[in-house]
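*Asks:* Can you read through this structure? Questions will come right after.
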Amino acid sequence: MIKIALVGDIGSGKSYIAKLFGYPVFNADNEVVNIYKKDKSCFIKLKKKLQYNFTTFPLKKNELINSILQDNNNLKLITNIVHPLIRKKLKKFIKNNNKQKIVVLDIPLYLENKLNNENDVIVFVQSKKKDILKRLTKRKGYNKLLLNIFKRIQVSIEKKKKKSQFIIKNDFTKRTALKYVRYILKRVLK
């Protein structure tokens, strides 16, 4: 099985590109949302660590955001609880798709959490800053301060680019993106 991992800046279009490969996608952001909505034991652990920040289950996005904005250290507490759950879900995804030729990993903190293996194909999704900002401001709950906090825990864009075997210049048009995706698939399936 070939694992293609997408890395890049927040809002660069990794999830959009991931779907274009036509293979099973592990989307860590969606998994995190599901954990917050459905995993009561995770909620209990979070509530125990951050007693006054969360009121009721399922966890509400605004409570999570307010908790992180209130104290930057809260992000570390949250990730220490949530990231092991994501690792378990990733292992299960890999196991369930072990007969697939390729799987696509859309995991924002892929390099930061040292999830990469030597044989993984790392693809850097590059977008213009103005395009990223335009996309991010359209997202519900966009918050520049929160974005800066998240960026502090990420590997620099330059390092991500260096660790990547391929670069997709994402201009958010399907035609351009598919051209890059087809090229990558042709190279990795040789």
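*Asks:* Need one number: the % of Cα-Cα pairs in region 120-190 sitting beyond the 20 Å mark.
*Replies:* Cα-Cα pairs of region 120-190 separated by over 20 Å account for 44 percent.
*Asks:* Among Tyr52, Asn117, Tyr36, which residue has its Cα furthest toward the positive end of the charge dipole of the chain, with +1 on Lys/Arg Cβ and -1 on Asp/Glu Cβ?
*Replies:* Projecting each Cα onto the dipole axis, the largest value belongs to Asn117.
*Asks:* Starting from region 104-190, pick out the GluC sites (Glu not before Pro) whose DSSP state is loop and whose Cβ has at most 10 other Cβ atoms within 10 Å.
*Replies:* Glu118
*Asks:* Restricting everything to alpha-carbon atoms, can you work out Rg to Rh for the chain with a Kirkwood hydrodynamic radius?
*Replies:* Radius of gyration relative to Kirkwood radius: 0.97.
*Asks:* Once the Cα atoms of region 11-59 are picked out, what are the Rg and Dmax in Å?
*Replies:* Cα-based Rg and Dmax for region 11-59 come out at 14.9, 43 Å.
*Asks:* What are the ³J(HN,Hα) couplings of region 173-190, residue after residue, when phi is run through the Karplus curve with 6.51, -1.76, 1.60 and θ = phi - 60°? Round to Hz, x for glycine and proline.
*Replies:* 10, 4, 4, 5, 4, 4, 4, 5, 4, 4, 4, 5, 4, 4, 5, 6, 8, 4
*Asks:* Given Lys3/Lys76; Lys19/Lys169; Lys92/Lys169; Lys76/Lys151; Lys40/Lys95; Lys14/Lys163, which pairs have Cα atoms separated by over 19 Å?
*Replies:* Pairs exceeding the cut-off: Lys3/Lys76; Lys92/Lys169; Lys40/Lys95.
*Asks:* I've got another one for you. Just in region 124-190: which chymotrypsin sites (Phe, Trp or Tyr not before Pro) are loop by DSSP and have at most 12 other Cβ atoms within 10 Å?
*Replies:* Here no loop site has a sparse enough neighbourhood.
*Asks:* Determine, from the Cβ-Cβ distance of Ile65 and Lys163 and an R0 of 30 Å, the FRET efficiency 1/(1 + (r/R0)^6), rounded to the nearest 0.05.
*Replies:* 0.50
*Asks:* Using the crude model of +1 on Lys and Arg Cβ and -1 on Asp and Glu Cβ, and no other charge, please compute the dipole size for region 77-122 relative to its Cα centre, in debye to 20.
*Replies:* Result for region 77-122 is approximately 380 debye, rounded to the nearest 20.
*Asks:* Another question about this same structure. Amide H of Ile102 versus every other amide H placed in the peptide plane: which residues, excluding those fewer than 5 positions away on the same chain, fall under 5 Å?
*Replies:* Amide H neighbours of Ile102, under 5 Å, 5+ apart: Ile2.
*Asks:* Hey, what number do you get for the chain at 222 nm if only DSSP H runs of n ≥ 4 count, each worth -39500 (n - 2.57), divided across all residues, to the nearest 500?
*Replies:* Calculated from helices alone, the mean residue ellipticity at 222 nm is -16500 deg cm²/dmol.
*Asks:* From the backbone phi of region 97-113, what are the Karplus-calculated ³J(HN,Hα) couplings (6.51 cos²θ - 1.76 cosθ + 1.60, θ = phi - 60°) in whole Hz, Gly and Pro given as x?
*Replies:* The phi angles translate into 10, 5, 8, 6, 5, 9, 10, 10, 10, 9, 10, x, 10, 4, 6, 4, 8 Hz.
*Asks:* Which length gain, in nm to one decimal place, applies between Lys179 and Tyr52 when the Cα-Cα distance is subtracted from 0.36 nm times their residue separation?
*Replies:* 40.8 nm
*Asks:* Please compute the modelled spin-label separation between Ile10 and Lys99, points set 7 Å along Cα→Cβ, answer in nm with one decimal.
*Replies:* Distance between label points: 4.0 nm.
*Asks:* Take the Cβ-Cβ distance between Ile149 and Lys38 as r, set R0 to 22 Å, and report the resulting FRET efficiency rounded to the nearest 0.05.
*Replies:* According to the calculation, E is roughly 0.30.
*Asks:* Probe radius 1.4 Å, ligands and nucleic acids ignored: give me the carbon and sulfur share of the accessible area of the chain as a rounded percent.
*Replies:* About 52 percent, which is the carbon plus sulfur part of the accessible surface.
*Asks:* Further, regarding this structure: Using DSSP to define loop residues, name the trypsin sites (Lys or Arg not before Pro) in region 1-109 whose beta-carbon has at most 14 other beta-carbon atoms within 10 Å.
*Replies:* Taking region 1-109 and a limit of 14 other Cβ atoms within 10 Å, the loop trypsin sites (Lys or Arg not before Pro) found are Lys60, Lys99, Lys101.
*Asks:* Per-residue HN-Hα couplings for region 68-79, Karplus 6.51 cos²θ - 1.76 cosθ + 1.60 at θ = phi - 60°, whole Hz, x for Gly and Pro?
*Replies:* Each residue's phi maps through the Karplus curve to give 5, 5, 5, 7, 4, 5, 5, 4, 5, 4, 5, 5 Hz.
*Asks:* A further question follows. For the chain, what is the accessible area per residue in Å² when the probe is 1.4 Å?
*Replies:* About 62 Å² of surface per residue is accessible.
*Asks:* Give the cross-link partners of Lys61 among the aspartates and glutamates, using a straight C-alpha distance below 18 Å as the criterion and excluding same-chain residues fewer than 8 apart.
*Replies:* Output for Lys61: Asp29, Glu31, Asp39, Asp71.
*Asks:* Let me ask something else about it. Given the Cα atoms of region 37-111, and with Rh set as the inverse mean 1/r over their pairs in the Kirkwood sense, what is Rg to Rh to two decimals?
*Replies:* When Rh is taken as the Kirkwood radius, the ratio is 1.06.
The values are calculated or read from the model by the stated rules, or taken from the named source; none is laboratory data. Here the structure is a predicted model, which means the values were calculated and not measured. Positions of Cβ are generated from backbone atoms using ideal geometry, with glycine treated the same way; all protein chains shown enter the neighbour counts. Remember, those area values only see protein heavy atoms, side chains included, never the ligands or the DNA or RNA. Shrake-Rupley method; radii C 1.70, N 1.55, O 1.52, S 1.80 Å.
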